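Trainee: Got a structure for you, written out below as structure tokens; questions coming shortly.
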Amino acid sequence: MYGTKTENLWSANYKITSNFFNRFVTQQNQYLLGNGLNLEDKEKKKQLGFDFDMRLVDMGRNALVDGLSFGFWDNGRLRVFNVLEFAPIYDEENGALRAGVRFWQLDREKPERITFFEENGFTEYLVRPEDSRMVEIKPKRAYLQIVQTSEADGTEILEGVNYPSFPIIPMWANEHKQSEFVGMKESIDCFDLIKSGFANNVDDASEIFWIIKNAGGMGDVELAQFLERIKTVKAATVDAEEGGSAEPHTIDIPYEARNALLERLERDMYNDFQAFNVQSVSAGKATATEINAAYQPFDNKVDKFEHCVFDFLGRLFDLIGFDEEPKPFNRSKITNQLEQTQMVLMAAQYLDDETVLSKLPWLSPEEVESIMEKKVAENVDRFSRRFKCIKFF
């Protein structure tokens, strides 16, 4: 009323945030990497570490959210750095990652740990909060340590060996090398604003408003007492002889336009992100052709992300000396299992057993391998029993 800023203690002020970005990123990351890495040589897969698939999922999510993630091959284990804890240093001539600094701190009152990674080793530093001085706590040492252990001398380091290249490898989210949040922020903000404003209006209009006629002499105190009496006693008196009356009113909030806009924004966000909308195939019994058509835009987007993952894996395998190419990832895809199973069984007479089993949508790669081992064991056992019978005869 007077143009001064005052705190509003009565109006609703909801600030609703949607979960679209987290949903889209989780869907894309798990769709591609959820089933783990496939290698032809199972023993080499074990050499990558028992938690390699989990760390690869972490790298994929960091890359999609931040646009970039870093994988550090730490003597047989993959460790993941995000952009908030690792500062890369690129070569000015060819743009290659040649060094970097990792820093972390539990609390402002705790010391800050800093590790400087170079191609020929890494050095650890410490910054104490009391004087803000950085001191070297561990001198530069090689990434691989060759040690010797004996009862007399204990454990001693014989020599240090470095990798043939820098052991920290970047993984990008897309060919633009930027976060998937770019281009989505405005739509998400608009959705949140409309939804929050709608909730505020509903809350503000949820009360019953009273119009008291011929009561111009009532002040704020009398009006508050009137409302308090209505809430507690559920009744109030007015002087009808003086023409006074009290009428309750409610406000109907228009929602059709807002609801239509929210639905339009949600549909547009799915289209812009090229995400898969489950509702598009959940109504009725969708055929395999309809499901594949609904997945096509999402597959196109994930294909680009898969190229970035393969680029990271290729450089990682070159670093550790793996003469192996990763197989395409098994994507977590909704299928019409009955229709797909019938199609596989119709072609089963032209295929070998392993191919038939691998094409069945309700069998995992581990289950296929287990079934094949059981079938081999059954054939060996059947052959042995038959050979015994022939020999006896």
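The values are calculated or read from the model by the stated rules, or taken from the named source; none is laboratory data. Everything numeric in this text was worked out from a predicted model, so none of it was measured. Cβ atoms come from the backbone with ideal geometry, glycine included; neighbour counts cover every protein chain shown. We work out accessible area using only protein heavy atoms, side chains counted, and drop any ligands, DNA or RNA first. Shrake-Rupley method; radii C 1.70, N 1.55, O 1.52, S 1.80 Å.
Trainee: Which one of 80, 350, 145 has its Cα pushed farthest toward the positive end of the charge dipole of the chain, where Lys and Arg give +1 and Asp and Glu give -1 at the Cβ?
Mentor: In the chain, that residue is 350.
Trainee: Also, quick follow-up: Per-residue counts of other Cβ atoms within 10 Å, averaged by peptide: what ranking do you get for 97-103, 288-294, 227-233, highest first? Provide the component values of the computation, followed by the final result.
Mentor: Numbers: 97-103: 17.4, 288-294: 14.6, 227-233: 11.0.
Result, highest mean first: 97-103, 288-294, 227-233.
Trainee: Roughly how many debye, to the nearest 20, is the charge dipole of the chain about its Cα centre, given +1 on each Lys and Arg Cβ, -1 on each Asp and Glu Cβ, and no other charges?
Mentor: Working: 46 positive and 66 negative charges, 271 e Å.
With only Lys, Arg, Asp and Glu charged at Cβ, the dipole is about 1300 debye.
Trainee: What relative contact order, as a whole-number percentage, does the range 1-139 give when Cα pairs under 8 Å and 6 or more residues apart are counted?
Mentor: Working: 166 pairs, mean separation 14.8, N = 139.
Relative contact order here is 11 percent.
Trainee: Continuing with this model, one more query. Measuring from centroid to centroid over Cα atoms, what is the spacing of the range 257-313 and the range 323-378 in Å?
Mentor: 26
Trainee: Give the lysines reachable from residue 110 as a straight Cα distance under 30 Å; neighbours fewer than 8 places away on the same chain don't count.
Mentor: 138, 140
Trainee: For a quick check of understanding: with a 1.4 angstrom probe and all protein chains in place, what accessible area in square angstrom does residue 68 have, to the nearest ten?
Mentor: 20
Trainee: In deg cm²/dmol and to the nearest 500, what is the mean residue ellipticity at 222 nm of the chain if only DSSP H runs of at least 4 residues count, each as -39500 (n - 2.57), divided by the residue total?
Mentor: Details: 11 runs with 169 residues, N = 393.
Taken over the chain, the calculation gives -14000 deg cm²/dmol.
Trainee: Also, I was wondering about something else. With θ set to phi - 60° and the Karplus curve 6.51 cos²θ - 1.76 cosθ + 1.60, what are the ³J(HN,Hα) couplings of the range 308-322 in order, to the nearest whole Hz, using x for Gly and Pro?
Mentor: With coefficients 6.51, -1.76 and 1.60, one gets 5, 5, 5, 5, 5, 5, x, 6, 5, 5, 5, 5, 9, x, 8 Hz.
Trainee: Can you tally the net charge around residue 277? Count Lys and Arg as +1, Asp and Glu as -1, for every other residue whose Cβ sits under 11 Å from the Cβ of residue 277.
Mentor: +1
Trainee: With the dipole of the chain worked out from charges on the C-beta (+1 for Lys and Arg, -1 for Asp and Glu) around the Cα centre, which of 300, 368, 160 lies farthest toward the positive end?
Mentor: Result: 368.
Trainee: Using Cα-Cα distances under 8 Å and only pairs 6 or more residues apart, what relative contact order does the chain have, in percent?
Mentor: Details: 482 pairs, mean separation 69.1, N = 393.
Relative contact order, the chain: 18 percent.
Trainee: Relative to the present Cα-Cα distance, how much length would full extension add between residue 209 and residue 366 at 0.36 nm per residue of separation? Each step should come with its number before you reach the end.
Mentor: Working: separation 157, 0.36 × 157 = 56.52 nm, distance 6.58 nm.
The span from residue 209 to residue 366 would gain 49.9 nm if fully extended.
Trainee: Tell me, what is the FRET efficiency for residue 348 and residue 375 to the nearest 0.05, using R0 = 25 angstrom and their Cβ-Cβ distance as r? Show your work: numbers first, answer last.
Mentor: Numbers: r = 14 Å, r/R0 = 0.57.
Approximately 0.95, to the nearest 0.05.
Trainee: A follow-up question, please. Return the FRET efficiency for the residue pair residue 228, residue 5: r is the Cβ-Cβ distance, R0 is 35 Å, and the value is rounded to the nearest 0.05.
Mentor: 0.75
Trainee: Accessible area per residue of the range 289-350 at 1.4 Å probe, in Å²?
Mentor: That works out to 60 Å² for each residue.
Trainee: Given labels modelled 7 Å from the Cα in the Cβ direction, how far is it in nm from residue 30 to residue 89?
Mentor: Reported label-point gap for residue 30 and residue 89 is 4.0 nm.
Trainee: Using the beta-carbon distance between residue 186 and residue 110 and R0 = 35 Å, what value does 1/(1 + (r/R0)^6) give for FRET efficiency, to the nearest 0.05?
Mentor: Working: r = 39 Å, r/R0 = 1.10.
According to the calculation, E is roughly 0.35.
Trainee: At 0.36 nm per residue, and after removing the present C-alpha to C-alpha distance, how many nm does the segment from residue 253 to residue 266 gain when stretched out fully?
Mentor: Numbers: separation 13, 0.36 × 13 = 4.68 nm, distance 2.17 nm.
Additional length available on full extension: 2.5 nm.
Trainee: Where does each of 61-67, 116-122 land if you order them by average Cβ count within 10 Å, highest first?
Mentor: Numbers: 61-67: 21.6, 116-122: 17.1.
Going from most to least packed, we get 61-67, 116-122.
Trainee: Another question, if that's okay. Could you run the Karplus curve 6.51 cos²θ - 1.76 cosθ + 1.60 with θ = phi - 60° over the range 258-274 and give me ³J(HN,Hα) per residue in whole Hz, x for Gly and Pro?
Mentor: Karplus-based 3J(HN,Hα) across the range 258-274 equals 5, 5, 5, 5, 5, 5, 5, 5, 5, 5, 5, 5, 4, 5, 5, 7, 6 Hz.
Trainee: Anything over 28 Å Cα to Cα? Flag those among 195/333; 42/374; 45/185, in the order listed.
Mentor: Details: 195/333 31 Å; 42/374 18 Å; 45/185 39 Å.
Violating the 28 Å Cα-Cα cut-off are 195/333; 45/185.
Trainee: Using a 1.4 Å probe and ignoring any ligands, DNA or RNA, find the accessible area of residue 53 and quote it in Å² to the nearest 10.
Mentor: About 50 Å², rounded to the nearest 10.
Trainee: Just read off the accessible area of residue 310 with the full protein assembly in place, 1.4 Å probe, to the nearest 10 Å².
Mentor: 60
Trainee: How many angstrom separate the Cα center of the range 1-77 from the Cα center of the range 112-131?
Mentor: Cα centroid to Cα centroid, the span is 27 Å.
Trainee: What does the charge dipole of the range 159-203 about its Cα centre add up to, to the nearest 20 debye, if the Cβ of each Lys and Arg holds +1 and the Cβ of each Asp and Glu holds -1?
Mentor: Working: 3 positive and 7 negative charges, 11 e Å.
Roughly 60 debye, rounded to the nearest 20.
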